[in-house]
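Notes for the one structure printed next.
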Amino acid sequence: MPVKSLRLLSVLALTAAAGVFAQDFPTKQVVVVVPFAAGGPTDTLARNLGVALTGSLKQQVIIDNTAGAGGTIAYNKVAKAKPDGYTILIAHIGMATAPALYRKLPYDPLADFEYIGQVADVPMTFLGKKGLPPNNFKELLAYIKANKGKLNYANAGLGAASHLCGLLFMSQIETELTTISYKGTAPAMTDLIGGQVDLMCDQTTNTTQQIKAGTVKVYGVTSRQRVPSLKEIPTLAEQGLKNFEVVVWHGLYAPKGTPKPVINRLVAALQAAVKDPTFKTRLADLGAEPVPVAKANPEALRTHLQAEINKWAPIIKKAGVYAD
Ligand code: ASP
């Protein structure tokens, strides 16, 4: 047989084998990379999702916390991971803001991933440490103005949702706060409870329990509507910050080149998860909501990511914030 035909035969055999492997997926545990510290909002969402995915994939789903650089270390890690479906990424709105915030990114959010689907939308809450004097949002604004340069604000790094919320807040009240960055809002929350930081804006998946336990002060929610599980807390918009809205959307991604049958299997598992009553109830208790099933697919995620990249680029450019 000519060498060329032999080569073609072996390529065909390999492709067929990859197809067979892909049909069997998964035959071992699947790792979901979380771009922030353990115990924080993304981690909490991922761990609840992991339980739901385990149910339909019939394999264990485990979490790998790769925190740092506002999530971009994790995004890059998954962009470069083996494209076999065993390493996937949960990423939030930061996936869309990073291209405008970082001058050099070692990955391309639109070229280096396969999309699985959107996962959940999570509102945020604006918090202060328990000992902070203001008892409501109006008093907080006056207090910030009267104490210019004295208050600090915790976030989870450039591109984190807490960073974004802080940016919008500072630009609307036209006052700077000193920013302290953490590897996630879990360690930031520890310092807020401990009184080492004054203010933070964080997702309800991390703040609901603290608000209910009274370990922090809450000044408002960042969604357009009130959050059903925290309905006594007014929105920032209804307290005077017109058009203030941050809702943290999340997507599930795989490295570029992950075989189609594997992606399809992951999409089916994600769609089962967003319909799973236990997952839904768990998220509702934490002020969050899985997306409707129509958004839990690759096309919906890709379209939303592109729209969000376009939306945030001019806002971030105007704010003049970036990292080299
Ligand atoms: N979601 C991040 C975390 O899990 C925090 C953030 O985006 O602000 O810590």
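A short reminder: the numbers here are calculations on the coordinates, not readings from a lab. This is a predicted model, so every value here is computed, not measured. With ideal geometry, Cβ positions are generated from the backbone for all residues, glycine too; neighbour counts draw on all protein chains shown.
Observations on the structure shown:
- Charge dipole (debye, nearest 20) of the range 206-324; +1 at Cβ of Lys and Arg, -1 at Cβ of Asp and Glu: 160 debye
- Counting other Cβ atoms within 10 Å as a rough exposure proxy, the listed residues Cys165, Cys201 run Cys165, Cys201 from fewest neighbours to most.
- Rounded tilt (10° steps) of 3-24 against the dominant C-alpha axis of the chain: 50 degrees
- Sorting 67-79, 141-153 by their mean Cβ neighbour count within 10 Å, with the most densely packed peptide first, gives 67-79, 141-153.
- C-alpha long axis of helix 298-319 to longest principal axis of the chain, angle in °: 40 degrees
- Under the convention that each Lys and Arg Cβ holds +1 and each Asp and Glu Cβ holds -1, the size of the dipole of the chain around its Cα centre is about 300 debye.
- Where only alpha carbons of the range 15-151 are counted, the Rg and the Dmax (Å): 19.8, 69
- For the peptides 227-235, 121-129, 261-269, the ranking by packing is 121-129, 261-269, 227-235, with the highest mean count of neighbouring Cβ atoms within 10 Å listed first.
- Rounded, prolate or oblate (a/c below 1.5 giving rounded, otherwise prolate when a/b exceeds b/c) for the range 262-320 by Cα gyration tensor: oblate
- Dimensionless Rg/Rh of the range 72-130 - Kirkwood Rh, Rg from C-alpha atoms: 1.05
- Among Met200, Met95, Met170, the residue with the largest mean-square fluctuation in a Gaussian network model of the chain, with springs joining Cα atoms closer than 10 Å, is Met170.
- When you count the other C-beta atoms within 10 angstrom of each residue and take the mean per peptide, 300-312, 46-58 line up highest first as 46-58, 300-312.
- Across the range 152-192, the convex hull enclosing all Cα atoms gives 57 Å³ per residue.
- Between 0 and 90°, nearest 10: helix 137-146 axis offset from the chain longest Cα axis: 70 degrees
- Within the listed set Thr222, Thr278, Thr185, the residue fluctuating most in the Gaussian network model of the chain (springs between alpha-carbon atoms under 10 angstrom) is Thr278.
- Other residues lying with their Cβ under 12 Å from the Cβ of Val291 contribute a combined charge of +1, Lys and Arg counting +1, Asp and Glu -1.
- For the chain, the Kirkwood estimate of the hydrodynamic radius, built from every pair of different alpha carbons, is 20.5 Å.
- Theoretical gain in end-to-end length, Ala284 to Thr303 [0.36 nm per residue, Cα-Cα removed]: 4.3 nm
- Ellipticity estimate at 222 nm from DSSP helix runs (n ≥ 4, -39,500 (n - 2.57)) divided over the chain, nearest 500: -14000 deg cm²/dmol
- Summed residue charge, Cβ within 14 Å of Glu232's Cβ, Lys/Arg positive, Asp/Glu negative: +3
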